[in-house]
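A short worksheet on the structure shown next.
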Amino acid sequence: AAYDQALKFARQNNLPTQVRSLNQAINKIRLKEAMANARKAESAKDWKNAAATYRQALALSKTLSNNEGSREISKKLVAATFRHELDQSRTTFAEAKWQQSIEMLENAKKLLHENPDSVSPGERRELDLLLADAHLYQILSLARQAYENHALDTAIKEYQRSLDLLTEQQQV
């Protein structure tokens, strides 16, 4: 509040050097606050809020003269976004929404491709397994549906796709 009051005074009295300095100080404080809030959200495993707060922190860090911690904040943003996508995909997986799960997992995988060291190898492996399972269950669902509709050629093709996927996963 004191900095905001000083900033208002500096603007009213046409003091551009002080305006820049005060803006930097205010943004540093806001950045520290955003980082603390993001860490708190991470501790609570509230990945959506953590990602949103890291996004805010990243924007604030870019307003500072030395881009304070932008690289580290970006890494944490990717990790929080990845974990949010993974959590959401688990929910859609449990609800048998295979395509939605696949899309979320593909988004998470794309994040990892762009930032490979953002998450642990265990989390990366969990993503790969969940993605393979979602693909498998989607194929099996299509095969069962084709079978129930007496489209036996389609059912056979889908079951063969599921076997191919299982063979591929066995080799990984």
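Summary table below
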| read-out | value |
| --- | --- |
| Phi-based couplings in Hz for segment 162-167 (Karplus 6.51, -1.76, 1.60; Gly and Pro marked x) | 5, 5, 4, 5, 5, 5 |
| Student exercise, the chain dipole from Lys, Arg, Asp, Glu Cβ charges, in Debye to nearest 20 | 1220 |
| Straight-distance crosslink candidates among aspartates and glutamates, where the alpha carbon sits under 17 Å from LYS28 and sequence neighbours closer than 8 are dropped | ASP4, GLU68, GLU72 |
| Within straight-line cross-link reach of LYS97, aspartates and glutamates at Cα separation under 15 Å, skipping those fewer than 8 residues along the same chain | GLU85, ASP87, GLU106, ASP133 |
| Residue-level accessible surface for LYS109, protein heavy atoms, 1.4 Å, Å² | 90 |
| Mean Cβ count within 10 Å, highest first, over the residues of peptides 125-131, 150-156, 50-56 | 50-56, 125-131, 150-156 |
| Value at 222 nm in deg cm²/dmol, rounded to 500, when DSSP H runs of n ≥ 4 in the chain each add -39,500 (n - 2.57) | -29000 deg cm²/dmol |
| Derived scalar couplings ³J(HN,Hα) [segment 77-83; Karplus, 6.51 cos²θ - 1.76 cosθ + 1.60; whole Hz; x for Gly, Pro] | 4, 4, 4, 5, 5, 4, 5 |
| 1.4 Å probe accessible area per residue over the chain, in Å² | 64 |
| Dmax and Rg, reported as Rg then Dmax, of segment 2-58 (C-alpha, Å) | 15.0, 46 |
| Share of carbon and sulfur in the accessible heavy-atom surface of segment 22-172 [1.4 Å probe, %] | 51 |
| Segment 134-146 - phi-based ³J(HN,Hα) in whole Hz, Karplus 6.51/-1.76/1.60, Gly and Pro as x | 4, 4, 4, 5, 5, 5, 4, 5, 5, 5, 4, 4, 5 |
| Reachable lysines, given that their alpha-carbon falls under 17 Å from the alpha-carbon of LYS76 and they are not under 8 places away in the same chain | LYS32, LYS40, LYS45, LYS48, LYS62, LYS109, LYS110 |
| Hull volume in cubic angstrom per residue (convex hull over the Cα atoms of the chain) | 142 |
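The values are calculated or read from the model by the stated rules, or taken from the named source; none is laboratory data. Computed from a predicted model, the values in this text were never measured in an experiment. Every residue, glycine as well, gets a Cβ built from its backbone with ideal geometry; the counts of neighbours run over all protein chains shown. Each accessible area value is taken on the protein alone, full model and side chains, heavy atoms only, with ligands, DNA and RNA left out. Shrake-Rupley method; radii C 1.70, N 1.55, O 1.52, S 1.80 Å.
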